[in-house]
Amino acid sequence: MIEVREVTKRYGAKTVVDRLSFTAKPGQVTGFLGPNGAGKSTTMRMIVGLDAPSSGDVLVNGKPYASSKAPLREIGVLLEAKAAHPGRTAVSHLLSLARTHGIPRSRVDEVLDLAGLSAVAHKRVGAFSLGMGQRLGIAAALLGDPAVVMLDEPVNGLDPEGVLWVRKLLTGLAAEGRTVMLSSHLMSEVSLIADHLVIVGRGRLLADTTVADLVTAEGVRVVTPAPDALRTTIAGPGVTVTSTGAEELLVAGASARVIGLAAAARGIPLFELTPQNASLEEAFMDLTRDAVEYEASR
């Protein structure tokens, strides 16, 4: 578990993180989101002791990370895609980490295979692509078989197969009861992976919620050869019906179940009955609109 409790971080007169509190729990993937400059990277650095809070506490599995006697077994971290000496091979990089914790060579081979790097294990890291560097960073994060995994932008540079691999890996780790914390700007991926969302802006907590609770329903798309008949059938207080095509309607104020049952009772055929939700990206943009530090001109 990761616990961030009333944490503030200042650099001189600038407050980067402002009284931030949240918990990433075991058995869940927590999506950690925010615009550039929101304080995400600083928060993650404080979690693993690379930066010290100006005030407040950060705990990993109930204690400060710096006090752990076997930190690689407590939390696996990816903060920088190619945080390895470019002259080292992938296997030598992982072996150097493993020896600090008495981790056997067999585990190094396991994570290389898991990350799809066995074929390039003896290739120098400096020749790796960004995607290969990401895979090596994830392999290093998993080396100690940690109870907590925290990854910053893990799918950057990965091809579609790699993105799918990361998705399955993280959901699998959470299913095993581990705590998984993921920071990413790819909202489509976060919406597929995350159980829990923590959204920050200008260093402050904006939302601590789920994808389902953040993304609100916009209505139900209905395709029918009898739109006028259906419109009359479902008319009522609070129900709004908008025509979006010759046979298409967007219905707000009535669920897909209610619409389907009403159409069935009147013998009105339906070709499509699809709830329409705002995307996570749209909800995120709406929530963080006033917390964007770097905004392009329109």
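The values are calculated or read from the model by the stated rules, or taken from the named source; none is laboratory data. The model shown is predicted, which means the values in this text are computed figures rather than measured ones. Cβ placement follows ideal geometry from the backbone for every residue including glycine, while neighbour counts extend to all protein chains displayed.
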Only one of 23, 30 is free of Cβ contacts under 8 Å to residues at least 40 places away in the same chain, among the β-branched types (Val, Ile, Thr), assigned by TED's automatic domain parsing to the domain that holds residue 151 and farther than 19 Å from residue 202 by Cβ. Can you tell me which? 23
Need at least 3 residues that are modelled with pLDDT of 90 or more per element, so show me which helices (runs of 4 or more DSSP H) inside the range 181-284 make the cut, counting only ones lying wholly within it. 227-234, 256-265
May I ask you to verify whether residue 119 is out of contact with any Lys or Arg (no Cβ under 9 Å at 6 or more places or on another chain) and either assigned by TED's automatic domain parsing to the domain that holds residue 41 or hydrophobic (A, V, I, L, M, F, W, C) (or both)? yes
I'd like to check something: does the range 169-186 contain any residue that is among the basic types (Lys, Arg) and without any contact (Cβ under 8 Å) to a residue 40 or more places away in the chain? no
Scan the range 219-243 residue by residue and report those that are surrounded by 14 or more Cβ atoms within 10 Å (Cβ to Cβ) and not aliphatic (A, V, I, L, M). 219, 221, 224, 227, 231, 233
Are there any strands (runs of 3 or more DSSP E) wholly within the range 1-103 with 1 or more residues that are under 30 Å from residue 118 (Cα atoms), and if so which? 29-33, 75-78
Criterion first (surrounded by 13 or more Cβ atoms within 10 Å (Cβ to Cβ), assigned by TED's automatic domain parsing to the domain that holds residue 6 and closer than 27 Å to residue 152 by Cα) does residue 179 satisfy it? yes
Show the residue pairs that are 6+ apart or on different chains and have beta-carbon atoms under 6 Å apart, the first residue being within the range 238-249 and farther than 11 Å from residue 225 by Cα, the second being assigned to a loop (DSSP other than H, G, I, E, B). 238/253; 239/253; 239/254; 240/253
Given the residues 94, 79, 50, which is the only one that is under 26 Å from the mean Cα position of the chain (by Cα), surrounded by 19 or more Cβ atoms within 10 Å (Cβ to Cβ) and assigned by TED's automatic domain parsing to the domain that holds residue 20? 94
Taking the range 28-46 and keeping residues under 10 Å from residue 7 (Cα atoms) and out of contact with any Leu (no Cβ under 7 Å at 6 or more places or on another chain) leaves 46
With the checklist (1) hydrophobic (A, V, I, L, M, F, W, C); (2) in contact with a strand residue (DSSP E or B) (Cβ under 8 Å, 6 or more places away or on another chain); (3) surrounded by fewer than 17 Cβ atoms within 10 Å (Cβ to Cβ); (4) over 27 Å from residue 177 (Cβ atoms) in hand, flag the one item residue 59 doesn't pass. (4)
Which of the residues spanning the range 159-180 are of a type in the set (S, T, N, Q) and in a helix (DSSP H, G or I)? 171
Pairs returned, first residue in the range 211-223 that is within 20 Å of residue 285 (Cβ to Cβ), second residue that is small (Gly, Ala, Ser) and at pLDDT 90 or above, beta-carbon separation under 9 angstrom, 6 or more apart or interchain, are 211/31; 211/194; 213/207; 214/207
From the list 106, 129, 118, which residue is polar (S, T, N, Q), touching a helix residue (DSSP H, G or I) at 6+ places or on another chain (Cβ under 6 Å) and either modelled with pLDDT of 95 or more or exposed (fewer than 15 other Cβ atoms within 10 Å of the Cβ) (or both)? 118
